[in-house]
Amino acid sequence: MKIIILGAGQVGGTLAEHLADEQNDITVVDSQANTLRALQERLDIRTVHGDAAHPSTLLNAGAKDADMLIAVTNSDEINMLACTVAFTLYRTPTKISRIRSTDYLAQAKALFDSGAIPVDVIIGPEQLVTNNIEQLIANPGSLQVLDFAEGKIRLVAVRAIKGGPIVGRQLKEIREHMPKVDTRVAAIFRRHEAAIIPEGDTVVEDGDEVFFIAARENIRAVTSELRAIDEPYRRVMIAGGGNIGATLAQRLEKKYQVKVIELSYDRCRVLSEMLEETIVLHGSANEPAALLQENIENTDVFCALTNNDESNIMMSMLAKRLGAKKVITLITNAAYADLVGEEIDIAISPQQITIGSLLTHVRRGDISNVHSLRRGAAEAIEVTAHGDAQSSKVVGRSLEDLALPPGVTVGAILRGETVLIAHRELVIESEDHVILFLTDRNRTSDVERLFAVGFGFI
């Protein structure tokens, strides 16, 4: 596939890295020559220096015969204009744009659905991050919560803690503990070891990061097997009243006791008018006295959501030491995410969340969901099976007969409205939604080929 990426920042660069590894023809456009040089030194891609929305720049990038344009510059306006120019002058088939402004998103139907601005897919990073954090707060004890099949199936990551009924025991014993609950462990990550593809006799150890798949209503029951179940959260403190912090507070304030700490007095005034039941505090979450005054020791979840990684990390560590039960930290720099210790419970990467959403539209085949995991090393995908036993390599075959690439497991299947947890004898039928876990994202193209035959894709 010939893809043009506008913007060589963190999202554009990471996306180029993902797609270049999958044998796509990638061209990256940016106005910063140094950024492009650094990217070209480590990736087999083409680069074009210039303004992303200029017709001549897009022409030089190959817009005339490109299959897809992905606009992820830091400017919403440039992203939208570039999509318009690519469509009007070069008839680029698929145009994806990152749009951050809530003003534009609020009018998405009139602006985009109507065709007034020719953007086929809108990616809103702030909305995606907010959704992610909201899921984590709604599922105490989880490190990651990912929805498939319109929320009917969930992939959840949980840290196994000594004392959980299944910790120190074989996975097959889960069925004895919960005979009425069906689940499948997709993968286990153990400290710095390679991913473990679990079997029935695999022993769960204390500290393991366990990814399991289950129907939405069974998540809490399965989590209780791996660790002592956390009480439902009630008190949430948010440091940073920007777009993400404000939107999160707005979504949570009806269900939880929410406080927002914001350094800018003017922004505090805006927040106080926007939020109905949230307590808005003017101050810094880096000050121990301010946190203690607001009873940080009774806070269930502390969310550091400013636009400064260093501040987020420091205030999260401070909040944890002062008694916050759980801390969630927004970290944009991947190097920092690898350095943070156990004091930070969950590090959120906007880039990886955004990448997953973008990959959904780039993958070949009928793929409706892609989630990037483990900082891009692993993936979970939802693909629909089509065709019949003659035209497909998967339809009409049991899971044990599938020629799955190494490191790939089937977690669950949605058949109509029925959730079927994967077992060896389960036979895939046409139109099944199949949830797969890939411990190595480099196997994605192999999975695409396996499912693509029945789609008529090459």
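The values are calculated or read from the model by the stated rules, or taken from the named source; none is laboratory data. Just so it is clear, the model here is predicted, and its values are computed rather than measured. Methodologically, a virtual Cβ is constructed for each residue, glycine included, from the backbone with ideal geometry; neighbour enumeration extends over all protein chains shown.
Got at least one residue in region 148-158 being more than 21 Å from Glu379 (Cβ to Cβ) and either modelled with pLDDT under 90 or in a strand (DSSP E or B) (or both)? No, because not a single residue in region 148-158 is more than 21 Å from Glu379 (Cβ to Cβ) and either modelled with pLDDT under 90 or in a strand (DSSP E or B) (or both).
What tally of residues in region 55-74 results from selecting those that are surrounded by 17 or more Cβ atoms within 10 Å (Cβ to Cβ) and in a loop (DSSP other than H, G, I, E, B)?
Filtering region 55-74 for residues surrounded by 17 or more Cβ atoms within 10 Å (Cβ to Cβ) gives 57-58, 61-63, 66, 68-73.
Pick out the ones that are also in a loop (DSSP other than H, G, I, E, B) and you get 61-62, 66, 72-73.
Going through region 55-74 one residue at a time, the tally reaches 5.
Residues in region 247-263: is at least one polar (S, T, N, Q), in a helix (DSSP H, G or I) and within 22 Å of the chain's Cα centre (by Cα)? Checked region 247-263: at least one residue is polar (S, T, N, Q), in a helix (DSSP H, G or I) and within 22 Å of the chain's Cα centre (by Cα). Being within 25 Å of the chain's Cα centre (by Cα), in a strand (DSSP E or B) and free of Cβ contacts under 8 Å to residues at least 12 places away in the same chain is a description that does not apply to Leu414.
Please tell me if Val48 is crowded, with 17+ Cβ neighbours inside 10 Å and not in a helix (DSSP H, G or I).
Yes: the conditions hold for Val48.
Yes or no: region 200-223 includes at least one residue that is touching a residue at least 12 places away in the same chain (Cβ under 8 Å), closer than 23 Å to Ala324 by Cβ and of a type in the set (Ser, Thr, Tyr). For region 200-223, residues touching a residue at least 12 places away in the same chain (Cβ under 8 Å), closer than 23 Å to Ala324 by Cβ and of a type in the set (Ser, Thr, Tyr): present.
Regarding Arg375, is this residue closer than 17 Å to Leu146 by Cβ and surrounded by fewer than 17 Cβ atoms within 10 Å (Cβ to Cβ)?
On the way: closer than 17 Å to Leu146 by Cβ: yes; surrounded by fewer than 17 Cβ atoms within 10 Å (Cβ to Cβ): yes.
In short, yes.
Selection of region 86-140 for residues being crowded, with 21+ Cβ neighbours inside 10 Å, in contact with an Asp or Glu (Cβ under 8 Å, 6 or more places away or on another chain) and within 24 Å of Arg251 (Cα to Cα) yields Arg98, Ile99.
Take the residues in region 70-107 that are basic (Lys, Arg) and touching a residue at least 60 places away in the same chain (Cβ under 8 Å), then tell me which one is nearest to Glu126 (Cα to Cα). Restricting to residues being basic (Lys, Arg) and touching a residue at least 60 places away in the same chain (Cβ under 8 Å), the top hit is Arg100.
Determine which member of the set Leu318, Leu252, Leu330 is more than 26 Å from Ser101 (Cβ to Cβ), in contact with a helix residue (DSSP H, G or I) (Cβ under 8 Å, 6 or more places away or on another chain) and surrounded by 15 or more Cβ atoms within 10 Å (Cβ to Cβ).
Details: Leu252 fails: more than 26 Å from Ser101 (Cβ to Cβ); Leu330 fails: more than 26 Å from Ser101 (Cβ to Cβ).
After applying the criteria, what remains is Leu318.
Selection over region 338-352 of residues that are outside any loop (DSSP other than H, G, I, E, B), more than 15 Å from Arg441 (Cα to Cα) and in contact (Cβ under 8 Å) with a residue 12 or more places away in the chain gives a count of 6.
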